[in-house]
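Step one of this worksheet: look at the structure below.
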Amino acid sequence: MEIKPQAAVIPKETDHLEQGKYGPIFPRTPACYGFTIVATVKPGRADAIREYGRALAKALEQDPHLLAPLKLHYLRWVLFDDDTRFMYQGIFDTDFDKYTEDAIALFTKAGVNTAFENLEGFPEDWRTNPEAFIRFVREHHCPSFIEYGEYPYVTADEIKKALRAKNALSEVLDQMQ
(Lines give C-alpha, C1' and ligand atoms only; values in the text may rest on other atoms or scores of the structure.)
Protein backbone atom coordinates (compact mmCIF):
# COMPACT_ATOMS: atom_id res chain seq x y z
CA MET A 1 0.00 0.00 0.00
CA GLU A 2 1.53 3.26 -1.11
CA ILE A 3 0.79 6.35 0.95
CA LYS A 4 0.92 9.31 -1.37
CA PRO A 5 0.87 12.81 0.16
CA GLN A 6 -1.93 15.00 -1.16
CA ALA A 7 -3.23 18.54 -1.01
CA ALA A 8 -6.72 19.89 -1.59
CA VAL A 9 -7.77 23.41 -2.43
CA ILE A 10 -10.86 24.57 -0.56
CA PRO A 11 -13.11 26.95 -2.49
CA LYS A 12 -13.75 30.40 -1.08
CA GLU A 13 -17.43 30.26 -1.97
CA THR A 14 -19.53 27.85 0.08
CA ASP A 15 -22.88 28.19 -1.73
CA HIS A 16 -22.37 24.92 -3.61
CA LEU A 17 -21.44 22.93 -0.49
CA GLU A 18 -23.90 20.56 1.12
CA GLN A 19 -25.74 22.26 3.95
CA GLY A 20 -25.56 20.72 7.38
CA LYS A 21 -27.60 21.44 10.46
CA TYR A 22 -25.85 24.77 11.08
CA GLY A 23 -24.38 25.79 7.72
CA PRO A 24 -22.15 24.51 4.94
CA ILE A 25 -20.33 21.24 5.43
CA PHE A 26 -16.74 21.90 4.47
CA PRO A 27 -15.18 19.06 2.50
CA ARG A 28 -12.96 16.45 4.09
CA THR A 29 -9.41 17.16 3.00
CA PRO A 30 -6.21 15.10 3.12
CA ALA A 31 -5.79 16.58 6.62
CA CYS A 32 -9.33 15.38 7.51
CA TYR A 33 -11.60 18.13 8.91
CA GLY A 34 -10.71 21.19 10.91
CA PHE A 35 -11.23 24.81 11.63
CA THR A 36 -9.42 27.91 12.73
CA ILE A 37 -11.23 30.30 15.06
CA VAL A 38 -9.90 33.83 15.54
CA ALA A 39 -11.61 36.06 18.09
CA THR A 40 -11.01 39.05 20.34
CA VAL A 41 -10.11 38.32 23.96
CA LYS A 42 -12.17 40.07 26.62
CA PRO A 43 -9.95 42.73 28.24
CA GLY A 44 -7.78 41.25 30.97
CA ARG A 45 -8.76 37.64 30.21
CA ALA A 46 -5.62 36.37 28.41
CA ASP A 47 -4.19 34.94 31.64
CA ALA A 48 -7.47 33.08 32.24
CA ILE A 49 -7.09 31.47 28.80
CA ARG A 50 -3.53 30.47 29.63
CA GLU A 51 -4.67 29.04 32.97
CA TYR A 52 -7.42 27.12 31.22
CA GLY A 53 -4.77 25.66 28.91
CA ARG A 54 -2.69 24.57 31.92
CA ALA A 55 -5.78 23.05 33.56
CA LEU A 56 -6.62 21.18 30.35
CA ALA A 57 -3.06 19.83 30.11
CA LYS A 58 -3.26 18.68 33.74
CA ALA A 59 -6.66 17.04 33.15
CA LEU A 60 -5.16 15.19 30.17
CA GLU A 61 -2.30 13.93 32.37
CA GLN A 62 -4.92 12.41 34.68
CA ASP A 63 -7.11 11.12 31.84
CA PRO A 64 -5.29 10.93 28.49
CA HIS A 65 -8.55 9.93 26.80
CA LEU A 66 -10.52 12.96 28.05
CA LEU A 67 -10.80 14.51 24.58
CA ALA A 68 -11.10 11.19 22.70
CA PRO A 69 -14.76 11.77 21.74
CA LEU A 70 -13.61 14.77 19.67
CA LYS A 71 -11.45 12.57 17.39
CA LEU A 72 -8.71 15.20 17.41
CA HIS A 73 -5.48 14.88 15.50
CA TYR A 74 -4.21 18.05 17.09
CA LEU A 75 -5.23 21.43 18.35
CA ARG A 76 -3.30 24.63 18.78
CA TRP A 77 -4.12 27.72 20.83
CA VAL A 78 -2.37 31.02 20.19
CA LEU A 79 -2.69 34.39 21.92
CA PHE A 80 -1.38 37.19 19.73
CA ASP A 81 -1.51 40.96 19.13
CA ASP A 82 -0.39 41.64 22.72
CA ASP A 83 -2.81 39.04 24.09
CA THR A 84 -5.84 40.78 22.58
CA ARG A 85 -6.67 38.06 20.07
CA PHE A 86 -6.97 34.29 20.30
CA MET A 87 -6.65 31.57 17.68
CA TYR A 88 -7.99 28.06 18.14
CA GLN A 89 -6.92 25.66 15.42
CA GLY A 90 -7.91 22.03 15.34
CA ILE A 91 -7.81 19.09 12.95
CA PHE A 92 -10.23 16.25 13.64
CA ASP A 93 -12.07 13.35 12.01
CA THR A 94 -15.67 14.57 12.14
CA ASP A 95 -17.33 17.42 10.31
CA PHE A 96 -17.43 20.95 11.70
CA ASP A 97 -20.89 20.75 13.28
CA LYS A 98 -20.44 17.30 14.84
CA TYR A 99 -17.12 18.33 16.38
CA THR A 100 -18.74 21.40 17.93
CA GLU A 101 -21.77 19.45 19.18
CA ASP A 102 -19.45 16.80 20.65
CA ALA A 103 -17.36 19.49 22.36
CA ILE A 104 -20.45 21.05 23.96
CA ALA A 105 -21.64 17.63 25.15
CA LEU A 106 -18.18 16.71 26.48
CA PHE A 107 -17.69 19.97 28.40
CA THR A 108 -21.25 19.95 29.74
CA LYS A 109 -20.98 16.32 30.90
CA ALA A 110 -17.62 16.98 32.54
CA GLY A 111 -18.98 20.16 34.14
CA VAL A 112 -16.11 22.25 32.82
CA ASN A 113 -16.03 25.60 31.15
CA THR A 114 -14.54 26.45 27.80
CA ALA A 115 -11.71 28.87 27.08
CA PHE A 116 -14.12 30.52 24.65
CA GLU A 117 -15.94 32.08 27.62
CA ASN A 118 -13.05 34.56 27.69
CA LEU A 119 -13.78 35.77 24.16
CA GLU A 120 -15.90 38.74 23.20
CA GLY A 121 -19.31 37.80 21.89
CA PHE A 122 -19.24 34.20 23.12
CA PRO A 123 -22.74 33.21 24.32
CA GLU A 124 -23.08 32.86 28.08
CA ASP A 125 -25.81 30.25 27.60
CA TRP A 126 -23.61 27.99 25.44
CA ARG A 127 -24.39 24.84 27.46
CA THR A 128 -28.12 25.06 26.78
CA ASN A 129 -27.91 26.87 23.45
CA PRO A 130 -25.65 24.85 21.14
CA GLU A 131 -26.92 26.83 18.14
CA ALA A 132 -25.43 30.03 19.63
CA PHE A 133 -22.14 28.26 20.36
CA ILE A 134 -21.94 26.94 16.82
CA ARG A 135 -22.98 30.30 15.35
CA PHE A 136 -20.09 31.93 17.29
CA VAL A 137 -17.63 29.32 16.02
CA ARG A 138 -18.83 29.68 12.43
CA GLU A 139 -18.78 33.49 12.57
CA HIS A 140 -15.18 33.44 13.82
CA HIS A 141 -13.98 30.65 11.53
CA CYS A 142 -11.22 31.59 9.08
CA PRO A 143 -11.43 28.84 6.45
CA SER A 144 -8.30 27.32 4.95
CA PHE A 145 -7.81 27.64 1.23
CA ILE A 146 -5.43 24.67 0.96
CA GLU A 147 -4.74 21.73 3.22
CA TYR A 148 -2.03 19.10 2.91
CA GLY A 149 -1.74 15.63 4.35
CA GLU A 150 1.48 13.62 4.44
CA TYR A 151 -0.72 10.61 5.20
CA PRO A 152 -3.96 11.75 3.53
CA TYR A 153 -7.45 10.95 4.77
CA VAL A 154 -6.17 8.81 7.64
CA THR A 155 -8.20 9.03 10.84
CA ALA A 156 -6.74 9.40 14.32
CA ASP A 157 -8.06 5.92 15.17
CA GLU A 158 -6.29 4.43 12.13
CA ILE A 159 -3.03 6.11 13.16
CA LYS A 160 -3.33 4.75 16.71
CA LYS A 161 -4.12 1.27 15.34
CA ALA A 162 -1.07 1.37 13.05
CA LEU A 163 1.15 2.45 15.94
CA ARG A 164 -0.18 -0.38 18.13
CA ALA A 165 0.54 -2.85 15.31
CA LYS A 166 4.05 -1.42 14.89
CA ASN A 167 4.73 -1.74 18.63
CA ALA A 168 3.38 -5.30 18.69
CA LEU A 169 5.56 -6.25 15.72
CA SER A 170 8.60 -4.68 17.40
CA GLU A 171 7.92 -6.72 20.54
CA VAL A 172 7.67 -9.94 18.50
CA LEU A 173 10.92 -9.17 16.69
CA ASP A 174 12.65 -8.34 19.97
CA GLN A 175 11.51 -11.69 21.40
CA MET A 176 13.05 -13.50 18.43
CA GLN A 177 16.55 -12.15 19.14
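The values are calculated or read from the model by the stated rules, or taken from the named source; none is laboratory data. The model shown is predicted, which means the values in this text are computed figures rather than measured ones. These accessible areas exclude ligands, DNA and RNA; they are computed on the full protein's heavy atoms, side chains included. Shrake-Rupley method; radii C 1.70, N 1.55, O 1.52, S 1.80 Å.
Pop out the carbon and sulfur fraction of the accessible area of the chain as a percent, whole number, probe 1.4 Å. Carbon with sulfur: 54 percent of the solvent-accessible area. The string of couplings for segment 27-42 from the Karplus curve (6.51, -1.76, 1.60, θ = phi - 60°) is x, 5, 10, x, 8, 6, 10, x, 7, 10, 9, 10, 8, 7, 7, 4 Hz, one whole number per residue in order, with x for Gly and Pro.
Altogether, the Stokes-Einstein calculation at 10 °C and 1.306 mPa s, with the Kirkwood radius of segment 86-177 over Cα pairs as Rh, returns a diffusion coefficient of 97 µm²/s. Bridging of Lys71 to lysines at a Cα separation below 24 Å is possible for Lys4, Lys21, Lys58, Lys98, Lys109, Lys160, Lys161, Lys166, once same-chain residues fewer than 8 apart are set aside. Mean-square fluctuations from a GNM of the chain, with a 10 angstrom spring cutoff on Cα atoms, peak among Asp82, Asp95, Asp47 at Asp82. Just Ala110, Ala165, Ala31 to compare: in a GNM of the chain, with alpha carbon springs under 10 Å, which one fluctuates most? Of the options given, Ala165 has the highest mean-square fluctuation.
Volume per residue of the convex hull around the Cα atoms, evaluated for segment 1-125, comes out as 158 Å³. Build a GNM of the chain with springs between Cα atoms under 10 Å apart, and of His140, His65, His73 the one that fluctuates most is His65. Evaluated at q = 0.22, 0.24 Å⁻¹, a Debye calculation over the C-alpha positions of segment 1-70 (equal weights, vacuum) places log10 I(q)/I(0) at -1.02, -1.05.
In the full protein context, segment 62-177 carries 62 Å² of accessible surface per residue, based on a 1.4 Å probe and ignoring ligands, DNA and RNA.
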